[in-house]
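Each reported figure results from applying straightforward, stated rules to the coordinates on display, with no laboratory input. Here the structure is a predicted model, which is why all the values come from computation and not from measurement. So basically every Cβ, Gly included, is an ideal-geometry build from the backbone, and we count neighbours across all protein chains shown.
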Amino acid sequence: MRNQDVTKTLTSTLAPEAMEALHDLGKIADGRGVGAFVVGGVVRDALMKRPCEDLDIVVEDDAIDFAEAAARELEGHVKKHRRFGTAILVLGRAVKVDIATSRSESYARPGALPDVAPDPIELDLKRRDFTLNAMAVRINADRFGELLDPVGGRADLKTGVLRVLHKHSFEDDPTRVLRCVRFSARFSFKLDPLTEKLLQDAVEHDLISTVSGERIMNEIRLILSEDEIWLPLKQLDSLGVLPSIHPNWHLPENAPSLFSKLPAIMKSPIGSIRSATLWHTRFLAAVSALSISDAGALLNRLRSGATLRNLIDELARFEVTARGRLESENELSRSDLYDALAPLSPETLAVVLASAGSIASGRVTLYLSELESVRPILGGSDLIRLGLEEGTHLGEVLADLRRACLDGFVTSKTEELEFVRRAIRDLDVENKR
């Protein structure tokens, strides 16, 4: 491709502020006498006519020194990662640029973090995961828009092929197994025969077990943040990747139905589901068939924090204490429905709704659309003014008042006041016994 054609392609997919930043950084690189390139996903997405917000820059220079010089000249600020020799340059509010030194990598063993050494851009591109991510565009002013494609990434983009760069790719970095599934699903690309064989070999030899839990969790989070996740999840399960992370991890039997309903629930949420974290919700659905002990072991492997543990515990408690009542044809009062669902987080509510039968689905929808927002007119301060002391009884009376509102026993402030006064009298009688 001609330089001007590549420049036009970048301009059509990047925001004007991002293009301005590329030109500015190219001029700074010229002043330092070094090569500078936009690399990886930015180039891939531009050639595929897909919008991209991330800017990854590689310089044949010390990345931190370059970023600091750019920050001084462009009035930005820098976050440095000295351990990795990288930096994040923030220019105004609109542009964030990840800057790295052009380098080669070597791996002491599968799953280990790489040993890196500065090297020219051609070697930097050849160390990457897939050909479609191994392209760069020069941003130096005199050669702006020059495409570097040493391993045939553009040809693979045209034919829809996902290809690793060499036969040791998955051994060097087993997280590429997860990345391979993610990219093939995102772009609907086929694996070339060698890549497919190497992927299967990597799973059979359990290379994932050599990778830290944090790195696996990060790749899972990225998969669960994709627009379409059923296909990559199904592939991870059928390939045996999920059980390589934990032996008993398989998708639930209702997974096809569950993951077909979740998108609509998350795109047009009602009630508190609006505040659900998307990837947390999807993770909860993906592990919903695991026992509590297996789920705990999985989260230990992934070095996960308390949030996911709490969600899994919450769903497990619901299954034991409330699922039967929710699915039953027996009548369920509005207050009982509220009590069954009010303890649940938005993420758990979304999974419960996606997995519910027709009766339960209607009840969850009723809760989210009407009952969840029901509040008595009187609040805690009103009850204290009426003579109720702060403490356990205050919370109990408020809860009873809400139930009375839900079931229609009180419908006005006057009736609420009478309900509370009666509750206080009953407590006084009880205390005098």
Most to least packed among 92-102, 319-329, 37-47 [average Cβ atoms within 10 Å]: 37-47, 92-102, 319-329
Helix-only CD estimate at 222 nm, as mean residue ellipticity for the chain, using -39500 (n - 2.57) per DSSP H run (n ≥ 4): -16500 deg cm²/dmol
Just to be sure I understand the curve: with the Debye formula and one point per C-alpha of the stretch 263-365, what is log10 I(q)/I(0) at q = 0.15, 0.18, 0.19 Å⁻¹? -0.61, -0.85, -0.94
Within 15 Å, Cβ to Cβ, of Ile270, how many net charges do the neighbouring residues add up to if Lys/Arg are +1 and Asp/Glu are -1? +1
So what's the convex hull volume per residue for the Cα atoms of the stretch 170-264, in Å³? 96
Degrees separating the helix 255-267 axis from the principal Cα axis of the chain, which is the longest one: 90
How many times 2.2 N^0.38 Å is the alpha carbon radius of gyration of the stretch 128-180? 1.31
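Evaluate the charge dipole of the stretch 158-222 about its Cα centre and quote only its size in Debye, nearest 20, assuming +1 on the Cβ of each Lys and Arg and -1 on the Cβ of each Asp and Glu.
Details: 11 positive and 10 negative charges, 94 e Å.
Magnitude of the dipole: close to 460 debye.
According to the square roots a ≥ b ≥ c of the eigenvalues of the Cα gyration tensor, what is the shape class of the stretch 326-365, taking rounded for a/c under 1.5, prolate for a/b larger than b/c otherwise, and oblate for the remainder?
On the way: a/c = 2.65, a/b = 1.21, b/c = 2.20.
In terms of gyration-tensor shape, oblate.
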Hey, what's the per residue convex hull volume over the C-alpha atoms of the stretch 238-282, in cubic angstrom? 94
Starting from the eigenvalues of the Cα gyration tensor, five times each then square-rooted, give me the equivalent ellipsoid semi-axes of the stretch 100-258, largest first, whole Å. 29, 19, 14
Would you compute, for the Cα atoms of the stretch 1-108, the largest minus smallest coordinate along each principal axis and list the three values in descending order, in whole Å? 39, 35, 25
Inverting the mean 1/r over all pairs of different Cα atoms, compute the Kirkwood radius of the stretch 207-335 and quote it in Å. 15.9
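Dipole of the chain, Cα-centred, from +1 at each Lys and Arg C-beta and -1 at each Asp and Glu C-beta, to the nearest 20 debye?
Numbers: 56 positive and 66 negative charges, 77 e Å.
Charge dipole of the chain: 360 debye, to the nearest 20.
With Cβ to Cβ distances under 12 Å as the rule, what net charge do the other residues near Asp400 carry (K, R +1; D, E -1)? Write out the running numbers ahead of the final one.
On the way: positive: Arg402, Arg403, Arg422; negative: Asp339, Glu396, Asp407, Glu416, Asp426.
Neighbourhood net charge equals -2.
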Dipole of the chain (Lys/Arg Cβ +1, Asp/Glu Cβ -1, origin at the Cα centre): which of Pro150, Phe170, Ile121 lies farthest to the positive side? Pro150
So what are the ³J(HN,Hα) numbers for the stretch 15-24, from phi and the Karplus equation (6.51, -1.76, 1.60; θ = phi - 60°), rounded to whole Hz, Gly and Pro as x? 5, x, 5, 5, 5, 4, 5, 4, 5, 4
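Compute the semi-axes of the equivalent ellipsoid of the stretch 372-433, taking the square root of 5 times each eigenvalue of the Cα gyration tensor, and list them largest first in whole Å.
Working: eigenvalues 76, 29, 23 Å².
Equivalent ellipsoid of the stretch 372-433: 19, 12, 11 Å, largest first.
Please list the three semi-axes, largest first and in whole Å, of the ellipsoid equivalent to the chain, using sqrt of 5 times the eigenvalues of its alpha carbon gyration tensor. Don't jump to the answer; show the numbers that get you there.
Working: eigenvalues 570, 148, 76 Å².
Equivalent ellipsoid semi-axes, largest first: 53, 27, 20 Å.
By the scheme Lys and Arg +1, Asp and Glu -1, what is the net charge of all other residues having a beta-carbon under 14 Å from that of Lys158?
Values: positive: Arg44, Lys49, Arg154, Arg163, Lys190; negative: Asp149, Asp156, Asp192.
For residues surrounding Lys158, the net value is +2.
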If the limit is 19 Å between Cα atoms, which of Lys49/Lys158; Lys167/Lys190; Lys49/Lys197; Lys234/Lys267; Lys167/Lys197; Lys8/Lys79 go over it? Lys49/Lys197; Lys234/Lys267; Lys8/Lys79
If I take the Cα coordinates of the stretch 211-250 and project them onto the principal axes, what are the three extents in Å, biggest first? 26, 22, 12
